[in-house]
Amino acid sequence: MSLQLRVFLCLFIVYSASVSGQDSIENAINTSIEQRHASFDSLQKYTSAFKRDSLAIASFIEKSKNAGYTYGNAFGENLLGIYLRDHSYYEEALEHHDKALKLANELNDVELKVSVLNMTGVVYRRIDAVSSALDKHNAALALAESQSKKSRALLKGIAISQNSIGNIYLLLRDYDDAEKFFKMAINSEANLTSDLGLAINYGNLGITYEERKQYDKALENYKKSLEYNNKINNDLGRVICNNSIGQVYLKQGKSSKALSLINEVLPKAEKIGDKFYIALTYINLGWAYSELGNHQLGEEYLMKGKDIADENDHKQFLSMAYMHLSQLKEQQGNYQEALAYQRSSQEVQEEYLNQANQKYVTNLIYKYDSEQKKNTIELLKRNNQIAQIELSQSKKNNIFILLLSLLLLIILFILYRQMRLKNAKQRLNAEQKLMRSQMNPHFIFNALLSIRIYLQNSNVEDAMRYLNQFAKLIRSILTSSLEKEITLQEELDTMQLYVNIENIRFCNEIQYAVHIDERVDLKAIKIPSLILQPFIENALWHGLQPKEGEKLLTLDVALKNDEFVTITITDNGIGRKKTMEVASEKVNTQKKSIGINLTLRRLQNFSKNLRNTYALRFIDLYDEQEYPAGTQVLIDLPIK
């Protein structure tokens, strides 16, 4: 057979295959529109043939519009948004997701709305818009979980939301919470028997371990992810996993193994065309070549990765490229360029982290304001209940006086007294919930102000640590406010968070220690929520704050006997007598008294149904020269 004939046959085969493929896609588009699927899973199955073909997706959207097929139009807009996101066209992706959401709202289709919200959140996450991403994924999760009957598409939506929220915690370096959400997503995907979902989440779980330098666990999860990606023949998954495993090998000093893995997936990354993963692959290749001493190739790949990251505003990868270029120049002895690259890396990292944290703080303040509005509504409801109880009681009193004879007076008096006690208890319960919902707004404001100062001073690590503690404190307070009683363990945990946050304003001068008697089962003992907070607040701000020198605060829990547990709060402050001599403290005396009186009323109510009652003592401490040496508060609580 002649060479010309063989060339002609090859070209004919390629052309025929291309025409056949186009016909297949056109048939899939026409079939989907003719059958007018209104189920997310069904339409996803038919559109999978052309989900990576932008022209085919655009054709599907146009034909759906012309046919009046609104569900197909919305599904197509969402699909086009995903395609544009995967090719780093983020603004255009958001425009198409917005169109899809408007159409989904018109149809009132929950499955479609959950999918669009999640996919929009992924785009915001790619451009580091943390607050917007979190809003979208939380909205998707809440909507999906609110449905009594959950289709497979909704269960998948829940898994995607859990994974995405985990990724947001990764951005904020909260690896414990990220691990928790990824494990939740793994359980969801396992129930769905979704190999792709399991591949994604095992890979993400590996990141949480890698960032905490638990490299063996990281490799175990990355390799699980790679197994699932190989099972479903997912090239993008292979690119991600090989890069992740290669990075761990580089951190372990196994540069040759890393280079082999990353080189293997470079053609796949370039073929897929996602600039996000192309930049990552180039940077990791440059890192590997640099570690092996091939500085020329190392610099070449690092510069390629840097340029792509810079063009597409991938600040994480840009900072990473600068860092490895700095290390490469240091190896070459070019310390001036090494220093310049190091500074560039730090500047990009600080810009990225500060943007992410500022958005997170803004989101947190917004959520706090919303919660305060809810509490205000709850407060009005409670006040209305109290007014209704008092009005009802007054009416009953008048009826009793008018209708009952002297003969029934004693019986009615007993009934009246019982009703009074019952109403008083209801009123006290309402006051308890009212008080718990009124967490001091000045404390919240000052805590957020202190954290923001850390951010403004570029003290990112401390700001992150205190921000996570503050978020946990707010969550603990809001949770405990719904419970009449909590365990002593939960109360101590909340007080630890409270002291940590207050200590920011003391410049961490307070030395706080907790001592627990081994015989005390903290999880078995129930106490009123936030009962210790007023005493600790008094110790901090009226005892230790005016004191010069060492500032100590201790909390001791001991088993007094089988009937009581004793909680002792001790400070080495200026003492109660000297506190009253400080002019600013006299102004606060009435406020302190109200806080303690409310606490005593709560303790009285707590003890009513128990065999024993509480005991509270204040002890003024003195040193050997009889100078005030602090205050000790002893609370004997009956064991339930």
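The values are calculated or read from the model by the stated rules, or taken from the named source; none is laboratory data. On a predicted model such as this, the values are computed, not experimentally measured, just so you know. A quick note on method: Cβ atoms are made from the backbone with ideal geometry, for glycine too, and the neighbour counts reach across all protein chains shown. Just the protein is used for accessible areas: all its heavy atoms, side chains included, with ligands, DNA and RNA removed. Shrake-Rupley method; radii C 1.70, N 1.55, O 1.52, S 1.80 Å.
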Do you know which residues across segment 592-618 are of a type in the set (A, V, I, L, M, F, W, C), part of a strand (DSSP E or B), free of Cβ contacts under 8 Å to residues at least 24 places away in the same chain and open to solvent by 60 Å² or more (accessible area, probe 1.4 Å)?
-> none
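Within segment 179-200, track down each residue that is in contact with a Gly (Cβ under 7 Å, 6 or more places away or on another chain) and either open to solvent by 40 Å² or more (accessible area, probe 1.4 Å) or not small (Gly, Ala, Ser) (or both).
Passing the criteria: 181, 182, 189.
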Single residue of segment 32-48 satisfying the filter (open to solvent by 70 Å² or more (accessible area, probe 1.4 Å) and touching a helix residue (DSSP H, G or I) at 6+ places or on another chain (Cβ under 9 Å)) that is nearest to residue 71 (Cα to Cα) | 38
Kindly establish whether residue 338 is without any contact (Cβ under 8 Å) to a residue 60 or more places away in the chain and within 29 Å of the chain's Cα centre (by Cα).
-> no
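A quick yes/no check of all residues on (1) in contact with a helix residue (DSSP H, G or I) (Cβ under 7 Å, 6 or more places away or on another chain); (2) modelled with pLDDT of 70 or more; (3) within 21 Å of residue 171 (Cβ to Cβ):
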| residue | (1), (2), (3) |
| --- | --- |
| 359 | yes, no, yes |
| 382 | yes, yes, no |
| 394 | no, yes, no |
| 397 | no, yes, no |
| 413 | no, yes, no |
| 418 | no, yes, no |
| 426 | yes, no, no |
| 439 | yes, no, no |
| 453 | no, yes, no |
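Mind counting the residues in segment 500-536 that are open to solvent by 50 Å² or more (accessible area, probe 1.4 Å), out of contact with any Leu (no Cβ under 6 Å at 6 or more places or on another chain) and in contact (Cβ under 8 Å) with a residue 40 or more places away in the chain?
Narrowing segment 500-536 to residues open to solvent by 50 Å² or more (accessible area, probe 1.4 Å): 505, 507-509, 511, 514-516, 518-519, 521, 523-524, 526.
Checking the rest, the ones that are also out of contact with any Leu (no Cβ under 6 Å at 6 or more places or on another chain) come to 505, 507-509, 515-516, 518, 521, 523-524, 526.
Restricting the remaining residues to those that are in contact (Cβ under 8 Å) with a residue 40 or more places away in the chain gives 505, 509, 515-516, 526.
Within segment 500-536, residues that are open to solvent by 50 Å² or more (accessible area, probe 1.4 Å), out of contact with any Leu (no Cβ under 6 Å at 6 or more places or on another chain) and in contact (Cβ under 8 Å) with a residue 40 or more places away in the chain number 5.
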Which ones in segment 134-158 are within 18 Å of the chain's Cα centre (by Cα), more than 22 Å from residue 76 (Cα to Cα) and small (Gly, Ala, Ser)?
-> 142
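If we scan segment 571-589, do we find a residue that is within 21 Å of residue 516 (Cα to Cα), in contact with a helix residue (DSSP H, G or I) (Cβ under 8 Å, 6 or more places away or on another chain), modelled with pLDDT of 85 or more and open to solvent by less than 40 Å² (accessible area, probe 1.4 Å)?
Let us first name the residues in segment 571-589 that are within 21 Å of residue 516 (Cα to Cα), namely 571-572.
Filter once more, so that each one left must be in contact with a helix residue (DSSP H, G or I) (Cβ under 8 Å, 6 or more places away or on another chain): 571-572.
Of the ones still in play, those that are also modelled with pLDDT of 85 or more are 571-572.
Within this subset, residues satisfying the condition of being open to solvent by less than 40 Å² (accessible area, probe 1.4 Å) are 571-572.
Scanning segment 571-589, I find at least one residue that is within 21 Å of residue 516 (Cα to Cα), in contact with a helix residue (DSSP H, G or I) (Cβ under 8 Å, 6 or more places away or on another chain), modelled with pLDDT of 85 or more and open to solvent by less than 40 Å² (accessible area, probe 1.4 Å), so the answer is yes.
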Report whether or not residue 637 is of a type in the set (A, V, I, L, M, F, W, C), assigned to a strand (DSSP E or B), at pLDDT 80 or above and in contact with a Phe, Trp or Tyr (Cβ under 6 Å, 6 or more places away or on another chain).
-> yes
Within segment 245-292, can you find the residues that are among the aliphatic types (A, V, I, L, M), assigned to a helix (DSSP H, G or I) and under 24 Å from residue 216 (Cα atoms)?
-> 245, 248, 250, 258, 259, 261, 262, 265, 280, 283, 285, 288
Which residue out of 100, 129 is surrounded by 22 or more Cβ atoms within 10 Å (Cβ to Cβ) and either free of Cβ contacts under 8 Å to residues at least 12 places away in the same chain or more than 14 Å from residue 166 (Cα to Cα) (or both)?
-> 100
Of the residues that make up segment 342-349, is at least one more than 30 Å from residue 91 (Cβ to Cβ) and touching a Gly at 6+ places or on another chain (Cβ under 9 Å)?
-> no
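For (1) closer than 25 Å to residue 172 by Cβ; (2) of a type in the set (S, T, N, Q); (3) loosely packed, with under 15 Cβ neighbours inside 10 Å; (4) within 31 Å of the chain's Cα centre (by Cα), each residue gets a yes or a no:
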site: 208; (1), (2), (3), (4): yes, yes, no, yes
site: 218; (1), (2), (3), (4): yes, no, no, yes
site: 238; (1), (2), (3), (4): no, no, no, yes
site: 242; (1), (2), (3), (4): no, yes, no, yes
site: 256; (1), (2), (3), (4): no, yes, yes, no
site: 259; (1), (2), (3), (4): no, no, no, no
site: 272; (1), (2), (3), (4): no, no, no, no
site: 292; (1), (2), (3), (4): no, no, yes, no
Name the pairs whose Cβ atoms lie under 7 Å apart, with the first residue in segment 30-52 and without any contact (Cβ under 8 Å) to a residue 40 or more places away in the chain, the second surrounded by fewer than 13 Cβ atoms within 10 Å (Cβ to Cβ), and 6 or more positions between them or separate chains?
-> 46/31; 49/24
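Pick from 170, 101: which is in a helix (DSSP H, G or I) and closer than 24 Å to residue 75 by Cβ? Break it down stepwise before answering.
Details: 170 fails: closer than 24 Å to residue 75 by Cβ.
Result: 101 is the single residue among 170, 101 that is in a helix (DSSP H, G or I) and closer than 24 Å to residue 75 by Cβ.
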Does residue 86 meet the test of being farther than 24 Å from residue 55 by Cα, in contact with a Leu (Cβ under 9 Å, 6 or more places away or on another chain) and touching a residue at least 40 places away in the same chain (Cβ under 8 Å)?
-> no
Consider residue 497 against the criteria (1) farther than 18 Å from residue 630 by Cβ; (2) within 24 Å of the chain's Cα centre (by Cα); (3) of a type outside the set (Asp, Glu); (4) open to solvent by less than 20 Å² (accessible area, probe 1.4 Å): it satisfies all of them except one. Which criterion is unmet?
-> (4)
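Among the residues of segment 169-178, is any open to solvent by 50 Å² or more (accessible area, probe 1.4 Å), touching a residue at least 40 places away in the same chain (Cβ under 8 Å) and under 13 Å from the mean Cα position of the chain (by Cα)? Reasoning before the result, please.
Here is the first cut: in segment 169-178, the residues open to solvent by 50 Å² or more (accessible area, probe 1.4 Å) are 173, 176.
Remaining after also requiring touching a residue at least 40 places away in the same chain (Cβ under 8 Å): 173.
Imposing the further condition that a residue be under 13 Å from the mean Cα position of the chain (by Cα) reduces the set to 173.
Yes, the conditions are met somewhere in segment 169-178.
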Given (1) touching a residue at least 12 places away in the same chain (Cβ under 8 Å); (2) surrounded by fewer than 23 Cβ atoms within 10 Å (Cβ to Cβ); (3) under 28 Å from residue 278 (Cβ atoms); (4) not basic (Lys, Arg), number of the condition residue 93 does not satisfy | (2)
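Can you tell me which residues in segment 179-200 are closer than 22 Å to residue 131 by Cα and either charged (D, E, K, R) or in contact with an Asp or Glu (Cβ under 9 Å, 6 or more places away or on another chain) (or both)?
Of segment 179-200, the ones closer than 22 Å to residue 131 by Cα are 179-182, 184-185.
179, 180 - these are the residues of segment 179-200 that are closer than 22 Å to residue 131 by Cα and either charged (D, E, K, R) or in contact with an Asp or Glu (Cβ under 9 Å, 6 or more places away or on another chain) (or both).
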Can you name the number of the only condition in (1) open to solvent by less than 20 Å² (accessible area, probe 1.4 Å); (2) in contact with an Asp or Glu (Cβ under 8 Å, 6 or more places away or on another chain); (3) modelled with pLDDT of 85 or more that residue 552 fails?
-> (1)
Output for segment 226-247, where each listed residue is closer than 17 Å to residue 193 by Cβ and charged (D, E, K, R) = 227, 231
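Output yes when any residue across segment 222-232 is open to solvent by 20 Å² or more (accessible area, probe 1.4 Å), modelled with pLDDT of 90 or more, farther than 30 Å from residue 289 by Cα and not in a helix (DSSP H, G or I), and no when none is.
Here is the first cut: in segment 222-232, the ones open to solvent by 20 Å² or more (accessible area, probe 1.4 Å) are 223-224, 226-228, 230-232.
Filter once more, so that each one left must be modelled with pLDDT of 90 or more: 223-224, 226-228, 230-232.
Next cut, farther than 30 Å from residue 289 by Cα only: 231-232.
So of that shortlist, the ones also not in a helix (DSSP H, G or I) come out as 232.
Within segment 222-232, one or more residues are open to solvent by 20 Å² or more (accessible area, probe 1.4 Å), modelled with pLDDT of 90 or more, farther than 30 Å from residue 289 by Cα and not in a helix (DSSP H, G or I).
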Per the filter on segment 244-292, residues without any contact (Cβ under 8 Å) to a residue 60 or more places away in the chain and basic (Lys, Arg) are 251, 254, 257, 268, 271
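Among residues belonging to segment 132-158 that are among the hydroxyl-bearing types (Ser, Thr, Tyr) and open to solvent by 40 Å² or more (accessible area, probe 1.4 Å), point out the one that is nearest to residue 98 (Cα to Cα). Quick ask: steps written out before the conclusion?
Pass one, segment 132-158, residues among the hydroxyl-bearing types (Ser, Thr, Tyr): 132, 146, 148, 151.
Going one step further and asking which of them are open to solvent by 40 Å² or more (accessible area, probe 1.4 Å), we end up with 132, 146, 148.
Working: 132: 13, 146: 23, 148: 27 Å.
In this case the residue turns out to be 132.
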